[in-house]
Amino acid sequence: MTITDIAPPTPDPRASERTFPAIEVAGPLHERYEQILTPEALAFLAQLHELFAGARYDRLADRMRRGYEIGIGRDPRFREDTARIREDASWRVAGAGPGLEDRRVEITGPTDPRMTINALNSGARVWLADQEDATSPTWRNVIGGQLSLRDAIRGELSFTTPEGKRYEVTAERTPTIVMRPRGWHLEEHHLRFTDRHGRTMAASGSLVDFGLYFFHNAGELIARGAGPYFYLPKIESSEEARLWDQVFSFSEQYSGIPHGTIRATVLIETLPAAFEMEEILYELRDHCAGLNAGRWDYIFSIIKTYRGRGSRFVLPDRNEVTMTVDFMRAYTELLVKTCHKRGAYAIGGMSAFIPSRKEPEVNARAMEKVAADKKREAADGFDGTWVAHPDLIPIAQAEFDAVLGDRPNQLDRQRDDVKVYKRHLLNLWIGRPITDEGVHGNVSVAIRYIEAWLRGQGAVAIDGLMEDAATAEISRSQIWQWIRQEQVTEQGTEITREHVSALVDRVLGEVERSEGDRFDEAAEVFRDVALSPTFRAFLTTKAYADHLVEPA
């Protein structure tokens, strides 16, 4: 693909005034922000928006249309119009770039300086530098994360806490960095885009995160033997993947690096995307390294997609929806089969358990679950997996070492034994109940997470699990669906708005309050996204606009 394949918006001959495409900084400028928000970087962002902002809106409109169709009874399916792609056995994806050959254990986490240093010292093969679900998109986090990544890539990062504790990168071998930008649906209100016709709008969070990281670091990463690598979240169709591929092709040409230098790993974390895995790989084939089983967002997507379709689509307590239930097994086995058929790495999902040195027995049980989870993934054919805490790396690595040995992957393992059809992906029956404890747990976890998110924390340890935006989405969307479908708990409690509202008040009385906490605002956000008659597609979109946008 060349830049000539991408048609820019057609100028309006009736427009009396024209402006050049431009990005304006609408947020406050803090220390060192000028190193990221340079005129050259902003000009690059303006070009990205001029070329791709319109297509982004088209893709988001497609999502709304598809969601409406499923809501009225038309289930997702394997597409007839792309059958030729699935039936053509000849094509393969680009595969691993330098530094991505062995991905057996990847650590995930936000990009603040302390967490960046901890990830680089962790011993993992890859670090998912997360500007998405593990990062609350405050202006300080968005640009501060870019500064952390810039410094880390150049070996210049250190951090000292207010108490005087100093953090430095000490590992001889640091993980390969794969950055995750925000999804297509998210905006960045601290940057405003004015197109060639003088129309002004909020910038795209995806293009901002990608564009700033790529512009400042692509050359440095290549010089150091790696490359600009990305995880792509929340994709729902191959057309969305094609848009990313166009962004990549343009960016490579703009910066003068060879076509195909960028590598992307796509998170299959929405139900529609599970039906288009091969097509997604195909559209990104010159830039694609693999797929990841984004398990938590995938569960959220299923709940969201079928929230109004009747009780047979209702899932039980969150902790009952494990990776061994039938529809999750079908999804992950299809992912491995699809990846290896096309030369792509299959990366497993995140274990959310957080080690606790204070409770040895609880910790031991959690570690057993982590080991079993990673053993299953390695046996199923995955080439690597995710963890959220450095203490879990040895456990995960041991399970993958046992299968891989000295090999960097098991791409040669074809899963021809796997036969997954539409009915397998949509059979949501688990046969477990909803409980009073599960309802209370969802309310409690969601409110505590949202409160931390409002204070700028995107990854939060709650009750021994690492919660991020995806797990909070599961919690609040289950509540909304249980109310809509008039569910009753195993103990006989009717799940109504009134009952859940009372639980919100109960949780506010249970949490430990302190000066400056944001629990009252968190409860307001939760009521909006869990108790309103209209379902909000993402809890973070309105909460961001209402609570996190700073004036210049």
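Okay, residues lined up against (1) among the aliphatic types (A, V, I, L, M); (2) surrounded by fewer than 19 Cβ atoms within 10 Å (Cβ to Cβ):
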residue: ALA446; (1), (2): yes, no
residue: THR471; (1), (2): no, no
residue: ARG476; (1), (2): no, no
residue: VAL504; (1), (2): yes, no
residue: ARG513; (1), (2): no, yes
residue: ASP520; (1), (2): no, yes
residue: ALA523; (1), (2): yes, no
residue: ASP528; (1), (2): no, yes
residue: LEU531; (1), (2): yes, yes
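So, in region 497-552, of the ones that are assigned to a helix (DSSP H, G or I) and small (Gly, Ala, Ser), which residue ends up farthest from ASP436 (Cα to Cα)? Of everything passing the filter in region 497-552, ALA545 is farthest from ASP436 (Cα to Cα). The residues of region 251-306 that are of a type in the set (S, T, N, Q), in contact with a Leu (Cβ under 8 Å, 6 or more places away or on another chain) and without any contact (Cβ under 8 Å) to a residue 60 or more places away in the chain amount to a single one, SER301. Candidates in region 72-89 are the residues that are of a type outside the set (A, V, I, L, M) and surrounded by 14 or more Cβ atoms within 10 Å (Cβ to Cβ); of these, the one that is nearest to TRP184 (Cα to Cα) is PRO76.
Scanning region 403-425 for residues that are out of contact with any helix residue (DSSP H, G or I) (no Cβ under 7 Å at 6 or more places or on another chain) and in a helix (DSSP H, G or I) yields LEU404, LYS422, ARG423. For region 194-237, filtered to residues that are hydroxyl-bearing (Ser, Thr, Tyr) and surrounded by fewer than 23 Cβ atoms within 10 Å (Cβ to Cβ), the residue that is nearest to PHE20 (Cα to Cα) is THR194.
Scanning region 213-241 for residues that are hydrophobic (A, V, I, L, M, F, W, C) and not in a helix (DSSP H, G or I) yields a count of 4.
Taking interchain pairs and intrachain pairs at least six residues apart, which have beta carbon atoms under 6 angstrom, with the first residue in region 121-135 and in contact (Cβ under 8 Å) with a residue 12 or more places away in the chain and in the same structural domain as ARG103 (by TED's automatic domain parsing) and the second part of a loop (DSSP other than H, G, I, E, B) and of a type in the set (A, V, I, L, M, F, W, C)? Going by the 6 Å Cβ cut-off, the qualifying pairs are ASN121/ALA171; ALA134/ALA459. Taking every residue in region 353-381 that is among the acidic types (Asp, Glu) and pairing it with any residue that is surrounded by 14 or more Cβ atoms within 10 Å (Cβ to Cβ), at least 6 positions away or on another chain, the pairs with Cβ-Cβ distances below 7 Å are ASP373/MET323; ASP373/SER351; GLU377/GLY348; GLU377/THR385; ASP380/THR332; ASP380/GLU333; ASP380/VAL336. Within region 242-259, being buried (at least 17 other Cβ atoms within 10 Å of the Cβ) and not in a helix (DSSP H, G or I) holds for one residue alone: ILE257.
For a quick check of your reading: which strands (runs of 3 or more DSSP E) sit entirely within region 112-190 and have at least 2 residues that are within 21 Å of the chain's Cα centre (by Cα)? Output list reads 126-130, 176-180. Filtering region 290-301 for residues that are closer than 23 Å to GLU467 by Cβ and of a type in the set (Ser, Thr, Tyr) leaves a non-empty set.
The values are calculated or read from the model by the stated rules, or taken from the named source; none is laboratory data. The shown structure was predicted, so the numbers you read here are calculated from the model rather than taken from an experiment. Heads up, the Cβs are rebuilt from the backbone with ideal geometry, glycines too, and the neighbour counts pull from every protein chain shown.
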